[in-house]
Amino acid sequence: MTAALLTLADARLPAGGHTHSGGVEQAIAAGLVHDPSSLAGFLLRRLQTAGRVAAGLAAAACRGGDPAALDAEADARTPSPALRAASRQQGRGLVRVGRRAWPSPLWDALPAAPHHPVALGAAATAGGLTPRDAAGAAAYLSVSGPATAAQRLLAMDPLTVAAVTARLAPGIDAVADGALRDGLPADADPLLDLLAEVHAARRDRFFAS
Amino acid sequence: MPPDHDLDDYVDAAVPHRHGGPLRVGLGGPVGSGKTALAAALCRTLGAEYDLAVVTNDIYTTEDADFLRRNAVLPDDRIEAVQTGCCPHTAIRDDITANLDAVELLEDRHPGLELVFVESGGDNLTASFSYGLVDVQVFVVDVAGGDKVPRKGGPGVTASDLLVVNKTDLAPLVGADLDVMRRDSATVRGDRPTLLISLREDPTAAAVADWVREQVRVRVVA
């Protein structure tokens, strides 16, 4: 691991992640997330599905996979139009800051607004990181952003939320390790897709997704 | 620093936001001070002179964008609302991604764009825009918030390019002393301008519109 990974996975990297809740805002509205244990359950579920898929794509992109092909693979694994848009929006944000932070010809090879894991893989390569690093960042980001969103929306104790996130570490590592082994996973969670679609239609929301 | 360090290596030379695109004007300030009313007034007054658009950052809902649409100050395709993830301040200062996306979308949609107002969500006296997002910023406070506000300072009051003290018509009703506000503003702001206005008495926001025209002119000359 190098320090570049800390930068890439830092929630304060200005890539727009703070405006996305990863489905938590709608899960809270639906009563599915309301306390630390229901949040932990939501994050685990997200890690095992969206997190696994993102980790696989990020590792493949970092390994030098064709960005356009991987972008199409991401589309195929993201049935919800709202989630596709959210992923591309975050990918675009990451490209904007990544291009400045880690100059590389790789950025020009990406589609205009690539899926976030594809951008993450490119950022990892440009930053001198490994496919395992890219997968680790993808898996970690699949839960760290939603955890913070829940903290804000429910006014939860930040220490409790930090502890929940920290205790997910073995699971995050396992997902990242799996990304090197399992090719491109296609785990899906219809609940996340539905939450995202309901959320996108709302006018009264704090988060973009 | 040891001589083998070239500090330029650490600095990103690209400064994409000082580009030839539209002038970006931030409108910030506490809740209820009149940011949206000022944005609407400026759109009405300047809409015929400039190719312009607005980005709104509501804390919750698209209320401000809807207000602008309802009042028909601009066509719908010139108003973009962004969600700020419960952190309106973060969205204009620490991570400006969503706002940059909105500005770029408006630029793509209207290639001749000359002026973009970015209205922040209502925040507090510490709120300020990153100059990565805007070229100049206006901070709007109001008389009803108390005549002590300029003295309290904060980056919006002290460092904004223009301080607007709105609702001067309410001064006698709330016991606010406009001279105190004027004097305190001058003290904490040095050479930076302050305008005391009443959007109720002058719905065109003429003085602020003049200031904006000057910013566009200076920018074009530069």
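The values are calculated or read from the model by the stated rules, or taken from the named source; none is laboratory data. All figures in this text were calculated on a predicted structure; none of them were measured in a lab. A quick note on method: Cβ atoms are made from the backbone with ideal geometry, for glycine too, and the neighbour counts reach across all protein chains shown. To get the accessible areas, we keep the full protein, side chains included, count just its heavy atoms, and leave off ligands, DNA and RNA. Shrake-Rupley method; radii C 1.70, N 1.55, O 1.52, S 1.80 Å.
Structure summary
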{"read-out": "Within chain B, helix-based [θ] at 222 nm, where runs of 4 or more DSSP H residues each add -39,500 (n - 2.57), nearest 500", "value": "-10000 deg cm²/dmol"}
{"read-out": "Label-point gap, in nm, between A:Ser104 and B:Glu63 - each point 7 angstrom along Cα→Cβ", "value": "4.4"}
{"read-out": "Cleavage-rule hits, trypsin sites (Lys or Arg not before Pro), region A:1-50, DSSP coil, Cβ neighbours within 10 Å at most 14", "value": "A:Arg12"}
{"read-out": "Cβ-based charge dipole, region A:1-74, positive-most Cα from A:Gly51, A:Ala27, A:Ser37", "value": "A:Ser37"}
{"read-out": "Cα-projected label distance for B:Arg217 with B:Arg109, points at 7 Å along beta-carbon direction, nm", "value": "3.1"}
{"read-out": "Relative contact order %, chain B, counting alpha carbon pairs below 8 Å whose residues are six or more apart", "value": "24"}
{"read-out": "Separation of the B:Thr204 and B:Asn71 label points, Cα + 7 Å toward Cβ, nm", "value": "1.6"}
{"read-out": "Which of A:Trp107, A:Trp102 is most accessible, then next, and so on - probe 1.4 Å", "value": "A:Trp102, A:Trp107"}
{"read-out": "Selected from B:Leu113, B:Leu199, B:Leu173 as most flexible by GNM, with chain B as the system and alpha-carbon contacts under 10 Å", "value": "B:Leu173"}
{"read-out": "Accessible surface of region A:41-200, 1.4 Å probe, proportion on carbon and sulfur as whole %", "value": "60"}
{"read-out": "In region B:41-101, chymotrypsin sites (Phe, Trp or Tyr not before Pro) in a DSSP loop with at most 12 other beta-carbon atoms within 10 Å", "value": "none"}
{"read-out": "Accessible area buried, both sides summed, chains B and A with 1.4 Å probe, Å²", "value": "1900"}
{"read-out": "14 Å beta-carbon shell around A:Thr160, net charge (K/R +1, D/E -1)", "value": "0"}
{"read-out": "Net charge over other residues, Cβ less than 15 angstrom from the Cβ of A:Ala3 (K, R count +1; D, E count -1)", "value": "-1"}
{"read-out": "Separation of alpha-carbon centers, region B:93-153 and region A:7-65, rounded to whole Å", "value": "29"}
{"read-out": "Accessible area in the full protein assembly, largest first, 1.4 Å probe, for A:Thr49, B:Thr187", "value": "B:Thr187, A:Thr49"}
